1. Which of the residues belonging to region 293-335 are open to solvent by 40 Å² or more (accessible area, probe 1.4 Å), among the hydrophobic types (A, V, I, L, M, F, W, C) and in a strand (DSSP E or B)?
2. Give me a count of the residues in region 514-545 that are outside any loop (DSSP other than H, G, I, E, B), open to solvent by 30 Å² or more (accessible area, probe 1.4 Å) and closer than 30 Å to M615 by Cα.
3. Here's a check for you: in region 238-288, which residue that is within 24 Å of T326 (Cβ to Cβ) and of a type in the set (F, W, Y) is nearest to the chain's Cα centre (by Cα)?
4. Which condition does N244 not pass, out of (1) in contact (Cβ under 8 Å) with a residue 12 or more places away in the chain; (2) farther than 23 Å from L172 by Cα; (3) out of contact with any Leu (no Cβ under 8 Å at 6 or more places or on another chain); (4) polar (S, T, N, Q), if it passes all the others?
5. Are any residues in region 368-390 open to solvent by 50 Å² or more (accessible area, probe 1.4 Å), on the phi < 0 side of the Ramachandran plot and among the hydroxyl-bearing types (S, T, Y), and if so, which ones?
6. Collect the residues in region 225-254 that are in a strand (DSSP E or B) and open to solvent by less than 80 Å² (accessible area, probe 1.4 Å), keeping them in residue-number order.
7. Do we find a residue being in contact with an Asp or Glu (Cβ under 7 Å, 6 or more places away or on another chain), part of a loop (DSSP other than H, G, I, E, B) and either open to solvent by less than 50 Å² (accessible area, probe 1.4 Å) or farther than 30 Å from Y535 by Cβ (or both) anywhere in region 453-471?
8. Here's a check for you: in region 878-923, which residue that is modelled with pLDDT under 90, open to solvent by less than 20 Å² (accessible area, probe 1.4 Å) and among the hydrophobic types (A, V, I, L, M, F, W, C) is nearest to L820 (Cα to Cα)?
Amino acid sequence: SKLLNIIFLKDLPPSTCQPSPANAQIVHSGAACNVNDDNISERIYTIKEGYTLVLQCIVKGHPRPQVRWTKTAGSASDKFQETSIYNETLRIEGIQRVQGGRYYCKADNGVGVAAIKSIRVDVQYLDTPVLTVHQTISDVRGSYYQEKTVFLRCTVNSNPPARFIWKRGNILIEQSKDNGVDIYEPLYTQGETKVLKLKNLRPKDFADYTCQVSVRNVCNIEDKSVTFRLTNATTPPMIRLSVNDTVVVVDPGQDVLLNCEIMAGFPAPTVTWSRYPGPLPLSAQVRGPMLFLRAVTPADAGFYNCSAVNNVGNPARKNVNLIVRTMTNLTFQITPDSNKDSETIQMGRDLKLSCHVDATPQDKVNYSWYKNSAPVFNSESLIILRSDPDMAPGTSSLEIIDMKFRDLATYSCMANFPGSRVPELRVDVNISQNVSPPVLSVPPGGQVVSVQEGGNTELVCLVVDGKPRPPVLWSRAEKDLLMPGGRSVTETPDGRLRMRNVSRDMMGVYRCQTAPYNGLNIKRREAQVQLNVQYPPILDPVFQDLRSRNYQMVTLRCAVLRSNPPRLTDIRWFRNGEFIRIPMPDLKETPELQFKLEPRNNGSYECRVSNSIGMSTCTFNVSTKPYNAEFYFDTPNPVRIQKGNNYSYNLQWTQRDPEATDPIIGFWLIVRKIQDSRCTLFIPVQIDLRGKEPEKGVLMSHTISDLKIPLAYEVRLAPITTYCTGDYISRTIQYSEPYTYPRPSDHVCGFEDERICGFSQDRSDVFDWTRQNHLTQNPKRSANTGPETDRSGTKEGYYMYIEASRPRVQGDKARLLSPLFNVTSVRGPKGSGRVPYCVSFYYHMKGKHIGTLNVLLRVRSIASHTTVDSEVWTKSGHQGPDWKRALFDVSPSGPFQIVFEGIRGPSFEGDIAIDDVSITIGKCKQENTVASAGKTGKSFKGWEM
């Protein structure tokens with residue numbers, strides 16, 4: 001894939017040492033098709049559809065700004081993504097036309113106004129045109145013959161607008177030179193369209209016509225064309241279906257064969273089948289014009305469409321609605337004499353029995369009524385309503401007029417599809433003088449149900465009297481709230497609503513009602529139950545880091561936001577786990593602790609607040625220790641070359657909230673060589689501020705001298721006050737220079753420079769390795785995978801990694817190529833024709849979906865100009881949370897490269913990272929092939945200040 005880079009250049013720092021707000025300048029870089037500025041001074045980047053778009057936002061400012069990418073829709077654009085991208089680099093693989101539009105890079109570091117720059121991305125494309133033919137026949141005034149006019153319509157989607165060329169055979173058609181043609185653009189068409197009108201067809205008009213479209217080779221998009229042969233036999237398609245009716249009703253399990261027969265059309269039409277809603281069933285078999293559905297199920301129902309297309313006239317379409325019979329949930333209702341507003345069965349009054357089944361198709365259901373197993377026929381006292389207008393559609397009713405004792409019996413309702421294999425359903429209703437309205441009751445003490453959050457409970461609303469007893473329906477008393485299962489109503493046959501893993505959002509009033517079916521169809525009985533979810537107090541803050549000067553009064557407040565029950569039972573304060581004996585606080589007031597901060601009472605303070613359910617804690621870390629210093633995130637040109645093989649480094653930092661604690665009088669500085677296995681230390685240096693206290697946001701600097709090229713160093717810095725020393729922060733000092741790599745050297749590449757030591761991405765792979773450090777990680781990235789920091793443990797240090805999240809799929813490969821090492825002039829040991837080289841690197845493979853990391857030796861043949869890859873190291877699967885080191889020897893036969901190949905595993909928790917790569921002449925030193933690079937050697941254990 002080709003790359004388009006947009007780089008926001010990083011300017012030099014301001015000459016003064018004041019805090020600098022985020023700022024950005026846009027310049028172009030990379031393989032854009034075209035770059036220009038429009039009339040509002042906005043940069044427009046043109047890119048071909050399917051290319052890889054890379055927008056890079058590099059900003060200046062201190063503290064380090066956070067970068068966020070957003071997008072607004074363009075003319076042919078949709079939403080950018082559901083969430084914004086928090087990273088310096090935005091990468092879109094295979095960009096599509098809908099992803100064009102205006103992209104915004106926002107950089108904010110809390111100082112001044114956030115910097116916002118925009119770039120408009122114009123995605124260019126050219127589809128293959130579609131050519132359709134339309135014919136008309138009309139009377140010619142004053143004559144008795146027919147004039148046949150043919151329209152050739154050519155439509156294409158493109159950006160920028162396409163240019164059309166018409167050809168007859170190989171000859172260009174020009175309207176000015178042929179009176180028998182017209183070329184024009186029709187109105188109200190989708191896409192770009194040109195019409196070639198052939199008036200009163202002539203013999204020479206029967207020929208091959210080509211529509212050629214062009215965007216004039218923008219973005220190297222080649223011309224596209226389509227050809228159609230017009231003959232005197234050209235006709236639009238005509239089809240017919242093997243079924244005569246537009247609706248086909250079948251039983252579940254039946255086979256269905258639909259044949260779409262072509263009746264006419266030249267050229268021969270192409271037949272396709274589709275379904276609405278959704279795609280064709282997975283079991284569907286399409287054989288030319290025939291569609292075969294084996295053993296259909298209700299899920300296969302829908303509208304099936306047969307289309308025949310030959311690009312002449314309009315497509316021919318036929319539809320058939322396939323209905324699969326289903327029948328479930330047969331219910332009944334008993335309606336006493338509604339004219340008398342009765343709720344009981346009474347002799348001499350009317351009674352109606354209703355029967356309803358959920359069926360497809362509903363209007364084809366047949367109902368039969370029986371009295372004591374004998375069929376019921378219409379009479380003066382028994383009237384059957386096949387479709388009861390007072391009930392839901394598809395309901396049958398049996399009315400008993402002027403009820404007598406002889407009408408007390410068992411009535412049965414049978415529902416079936418005539419001639420179908422779908423089993424019939426039956427429900428029995430016993431009508432006797434015992435039929436009575438239901439009585440709904442909540443058990444004593446059940447009006448309010450209390451449960452602890454996370455527990456299980458049930459709400460009870462019982463039908464204690466009445467016959468028959470209907471089911472009970474539960475719903476929320478508050479209108480817009482849904483039941484825990486996500487529905488508005490939940491049916492319970494026994495009136496018990498069981499709830500599991502109760503949460504506080506389930507708290508509220510629940511309504512129980514008798515259902516209108518399977519019982520008396522009368523006014524519903526209802527009751528209410530209050531669910532009270534109890535939980536421990538919710539406190540603020542959960543944690544607070546509080547720094548103060550010595551001998552100042554400190555106030556700790558632990559606010560109770562919510563609590564159920566609201567009454568608190570206990571408030572206790574602890575310091576470093578030990579109870580603080582103070583008068584019992586007022587349980588109705590906000591818990592508060594006030595004391596004078598001294599060196600002896602620094603520590604962790606806890607406020608433990610309890611109610612009858614449980615306890616919650618506010619934690620305060622109270623200290624006179626100063627806050628950490630903050631390194632300037634990327635000091636431009638920090639390296640100065642000195643005499644000999646030495647260099648110096650200009651270290652810059654700021655002090656966080658220096659006014660919060662006692663005056664800061666200096667800083668401790670410690671330096672060690674990273675590559676030195678003996679952990680040789682420079683003597684700790686105290687940086688004296690000479691009475692000038694640090695100011696918030698103001699840069700301080702110190703030059704570290706006598707550093708050896710090309711070694712890297714780890715630096716630790718801690719502020720000093722009159723009373724104590726703060727915590728150390730660390731970063732890596734990496735010597736960097738332009739790399740030509742004429743031959744391997746002793747340099748370790750930590751990927752700190754954007755040029756990544758001359759490494760490059762392999763353009764023949766599926767995706768690329770990404771350069772990243774802790775500060776540029778996406779805060780919404782996948783957890784439990786990938787490293788938190790680089791190999792040295794610093795947040796500023798960079799590493800290379802492969803991102804396993806979408807759109808990556810299992811097996812996708814990313815290859816990172818080292819520079820080409822020209823070793824033909826190097827001689828091997830006496831008696832040997834090849835020189836050994838030691839390859840060393842650190843790798844990180846944490847995650848349950850880790851794929852494979854391969855290292856390949858790519859050797860180039862000078863004679864044949866070909867390359868040969870051979871695998872020299874491999875590792876697969878989860879390897880633990882720490883960085884690990886790998887060393888091995890290679891003996892190439894000529895100029896070579898080292899290739900790091902990352903292969904994506906089965907899912908998204910599969911990020912693989914590499915760091916600190918070196919390729920040196922000579923065999924590796926005798927040590928373990930894979931050595932841990934975990935906390936040992938990084939924690940400064942044994943020499944902390």
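The values are calculated or read from the model by the stated rules, or taken from the named source; none is laboratory data. This structure is a prediction, so every number in the text was calculated from the model and none was measured. A quick note on method: Cβ atoms are made from the backbone with ideal geometry, for glycine too, and the neighbour counts reach across all protein chains shown. Each accessible area value is taken on the protein alone, full model and side chains, heavy atoms only, with ligands, DNA and RNA left out. Shrake-Rupley method; radii C 1.70, N 1.55, O 1.52, S 1.80 Å.
1. F303, V309, listed by residue number.
2. Here is the first cut: in region 514-545, the residues outside any loop (DSSP other than H, G, I, E, B) are 514, 519-520, 526-540, 543-545.
Adding the requirement that they be open to solvent by 30 Å² or more (accessible area, probe 1.4 Å) leaves 526, 528, 530, 532, 534, 536, 538, 540, 543-545.
When the remaining residues are screened for being closer than 30 Å to M615 by Cα, the result is 530, 532, 534, 536, 538, 540, 543-545.
Residues flagged as outside any loop (DSSP other than H, G, I, E, B), open to solvent by 30 Å² or more (accessible area, probe 1.4 Å) and closer than 30 Å to M615 by Cα within region 514-545 amount to 9.
3. For region 238-288, the residue satisfying everything is Y276.
4. For N244, the exception is condition (1).
5. Within region 368-390, Y370, S379, S387 meet the criteria.
6. Our first condition is that a residue be in a strand (DSSP E or B); within region 225-254, this holds for 225-229, 235-241, 247-250.
Result: S225, V226, F228, T235, P236, P237, I239, L241, V247, V248, V249, V250.
7. Within region 453-471, the first condition is being in contact with an Asp or Glu (Cβ under 7 Å, 6 or more places away or on another chain), and the residues that meet it are 471.
Filter once more, keeping what is part of a loop (DSSP other than H, G, I, E, B): 471.
Now drop any that are not either open to solvent by less than 50 Å² (accessible area, probe 1.4 Å) or farther than 30 Å from Y535 by Cβ (or both), which leaves 471.
Yes, some residue in region 453-471 is in contact with an Asp or Glu (Cβ under 7 Å, 6 or more places away or on another chain), part of a loop (DSSP other than H, G, I, E, B) and either open to solvent by less than 50 Å² (accessible area, probe 1.4 Å) or farther than 30 Å from Y535 by Cβ (or both).
8. F896
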